[in-house]
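The structure under discussion appears below in the form of structure tokens.
The values are calculated or read from the model by the stated rules, or taken from the named source; none is laboratory data. All of these numbers come straight from a predicted model, not from anything done at the bench. With ideal geometry, Cβ positions are generated from the backbone for all residues, glycine too; neighbour counts draw on all protein chains shown. Accessible surface areas use protein heavy atoms only, side chains included; no ligands, DNA or RNA. Shrake-Rupley method; radii C 1.70, N 1.55, O 1.52, S 1.80 Å.
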Amino acid sequence: MEPTIRLANHEVTNQPPAIGDRDLLAGDPALRCHGEGADAAAFAQALGRAEVAEWGREANRRLPELRLFDAGGRRLDEVAFTDAYHRLMALGLGAGYASGPWTGGSHLTHAAQVYLMSQVEPGACCPMTMTYAAVPALRAAAPDLARDWVPKLTAAAYDPAVAPLSQKRGATLGMAMTEKQGGSDLRTNATRAERADGHWRLTGHKWFCSAPMSDGFLTLAQTGAGLTCFLVPRWLEGGTRNAIHLQRLKDKLGNRANASAEIEYHGAVAFLVGEEGRGIPAILRMVHHTRLDTAMAPAGLMRAALDHLAHWVLHRSAFQRRLADQPLMRALLADLALDWEGATALGLHVARAFDDPARAPFARVAVALAKFLNNKLAPRVIVEAMEGLGGMGYVEDTALPMLYREAPLNGIWEGSGNVICLDILRTLAKEPGAGAQLQADLDAAKGASRAYDAALETHRARWPGLPPEAEARWFAERTALLLTASVLLRAAPAPVGDAFAATRLAGERGHLAGSHALAHPQPLLERIGPAFR
């Protein structure tokens, strides 16, 4: 039944209708173009339901609750979530978000699912992303553990029961690496691992434990041989709780539907992953795959913000003209559309490289480039969309405040900006194949745009080799922009690639969103959705 528009003393007019049910794939030309071959249609339809959007709002209103003890004072160390959060987890895991690439699917489909899920409720992505990324780490470094854990991690089933692994239909795996004294400098970790009673037992703390209700965590601890990777189960097969004590939940800016915690190990049982003293290489296999998701999620956040802005301007008028018909608004929308489609195209291009073993060196450097650039663009796009709605964009009745709070997250997790830029330099220095494959990918678009060719020549003249460390951010930004332009020039409609090269590489613009001189924004607006045709 429609809401009442004739109120006691006025009539409600010039307000956009509720968005309602929609198909997140059918209405997204960029995803269909750059994600061709991804098996994401059913997931896109499910996530587009108005009911699922309401689940996301509920999960962000009713936050996770820490339950340290029961009524009798016995330790629980549990986190309680709203039913909406559990439904979102079941939807994502059931669609193969965590399992697909390991059970016959593709990383391309997985990346498309990250992009889609991030538009509706990004908090639930965190535990699913870590579960997805833990599989290759276990398979490579701990095949004995993998035999028990991987079938449950890839079961495409959500089972939140407090029970040991053998009694679960499906399982999730989190990560607990950083400590108070070191943060990203993992070699300063002080947590100890010692042999006792035939087991490794951990004693120490972790300053940031993502998704503390996971069935286990990959973590780092010091042995006599140095920093070592371990799997720490939450629940032991004998029916007891492992000695992992939750201290408090983080009061985060965003990602609030998902819990993050500070924890302590008090002789917690752990299982060795890889060789003693080789903990960082073992866990970096997991980090490499989580970075794909942190590169793809900001594109989804940008898409959601742009979608809400488009719905507003298509149904809202000011000064006797529809907002969508006003030249300055069209200029802004076209500019934001370039940032969003560029991020989407780059992320999905990198995902295709994850699916091709021969392109593994390229994937290692390209995922870092995509993570760096896409996460620098997301806050700008989202705040412009928020401003485009005016006061309504600042109100929790819309999704914009949630998207705004989420915008910085993926740029911080799995390596903040400076760490990522240094990783890019390190990869190019230590993995010769990465540099060669990156240059070949850039060369593949030569001849498609004069602006691109000139920018690529300038880039190579400025940095014939690796830049000094102080120029790493500049180098990463320009390289990522060139790589994005290369993908768009090869795969997107010509007006998109040409406009990106002109405004991002040739300097035909100001510093702020919408400050450009594109004479024909219409092709870019049509990339936002069919309503602009």
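Observations
- Scoring Ala268 on the criteria (1) in a helix (DSSP H, G or I); (2) at pLDDT 95 or above; (3) among the small types (Gly, Ala, Ser) leaves a single failure, condition (1).
Results for (1) more than 14 Å from Gly388 (Cβ to Cβ); (2) open to solvent by 30 Å² or more (accessible area, probe 1.4 Å); (3) in contact with a Leu (Cβ under 6 Å, 6 or more places away or on another chain), shown as yes or no for each residue.
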site: Leu301; (1), (2), (3): yes, no, yes
site: Leu306; (1), (2), (3): no, no, yes
site: His315; (1), (2), (3): no, yes, no
site: Gln326; (1), (2), (3): no, yes, no
site: Arg330; (1), (2), (3): no, yes, no
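- Some residue of the range 342-349 being under 18 Å from Glu384 (Cα atoms), surrounded by fewer than 22 Cβ atoms within 10 Å (Cβ to Cβ) and in contact with a Leu (Cβ under 7 Å, 6 or more places away or on another chain): no
- The listed residue being at pLDDT 95 or above, among the charged types (D, E, K, R), in a helix (DSSP H, G or I) and open to solvent by 10 Å² or more (accessible area, probe 1.4 Å), out of Arg291, Arg285: Arg291
- Residue match in the range 411-424 (condition: assigned to a helix (DSSP H, G or I), modelled with pLDDT under 95 and open to solvent by 60 Å² or more (accessible area, probe 1.4 Å)): yes
- Residue within the range 492-500 that is charged (D, E, K, R), surrounded by 15 or more Cβ atoms within 10 Å (Cβ to Cβ) and part of a loop (DSSP other than H, G, I, E, B) present: no
- Within the range 1-98, helices (runs of 4 or more DSSP H) holding 1 or more residues that are acidic (Asp, Glu) and closer than 21 Å to Ser260 by Cβ: 50-61, 83-94
- In the range 322-362, the residues that are within 16 Å of the chain's Cα centre (by Cα) and under 21 Å from Pro281 (Cα atoms): Phe354
- Checking Gln181 against (1) open to solvent by 40 Å² or more (accessible area, probe 1.4 Å); (2) part of a strand (DSSP E or B); (3) of a type in the set (S, T, N, Q), the condition it does not meet: (2)
- Boolean, Ala176 is open to solvent by 40 Å² or more (accessible area, probe 1.4 Å) and closer than 22 Å to Gly277 by Cα: no
- Index of the failed condition, Ala146 passing every other in (1) more than 27 Å from Ala124 (Cα to Cα); (2) surrounded by fewer than 21 Cβ atoms within 10 Å (Cβ to Cβ): (1)
- Some residue of the range 388-398 being touching a residue at least 12 places away in the same chain (Cβ under 8 Å), hydroxyl-bearing (Ser, Thr, Tyr), in a helix (DSSP H, G or I) and open to solvent by 10 Å² or more (accessible area, probe 1.4 Å): no
- Meets criteria (out of contact with any Gly (no Cβ under 6 Å at 6 or more places or on another chain) and either open to solvent by less than 10 Å² (accessible area, probe 1.4 Å) or modelled with pLDDT of 95 or more (or both)) for Cys209: yes
- Pairs, first aromatic (Phe, Trp, Tyr) in the range 122-148, second open to solvent by less than 10 Å² (accessible area, probe 1.4 Å) and not in a helix (DSSP H, G or I), C-beta under 9 Å, six or more apart: Tyr132/Tyr97; Tyr132/Ala98; Tyr132/Ser99
- Condition met for Val114 (open to solvent by 20 Å² or more (accessible area, probe 1.4 Å), of a type in the set (A, V, I, L, M, F, W, C) and within 22 Å of His86 (Cα to Cα)): no
- Only residues that are farther than 15 Å from Met329 by Cα, hydrophobic (A, V, I, L, M, F, W, C) and either at pLDDT below 95 or in contact with a Leu (Cβ under 8 Å, 6 or more places away or on another chain) (or both) were counted in the range 366-381, giving 6.
- Among the candidates Ala193, Ala171, Ala146, the residue that is over 25 Å from Glu406 (Cα atoms), in contact with a Leu (Cβ under 6 Å, 6 or more places away or on another chain) and assigned to a strand (DSSP E or B) is uniquely Ala193.
- In the range 518-533, the residues that are surrounded by fewer than 12 Cβ atoms within 10 Å (Cβ to Cβ) and not in a helix (DSSP H, G or I): Ala519, His520, Arg533
- Within the range 224-256, the set of residues being touching a Gly at 6+ places or on another chain (Cβ under 7 Å), part of a strand (DSSP E or B) and either of a type in the set (Val, Ile, Thr) or within 30 Å of Leu400 (Cα to Cα) (or both) comprises Thr228, Val232.
- When Thr458, Thr484, Thr503, Thr479 are screened for being open to solvent by less than 30 Å² (accessible area, probe 1.4 Å), over 21 Å from Arg291 (Cα atoms) and modelled with pLDDT of 95 or more, only Thr503 passes.
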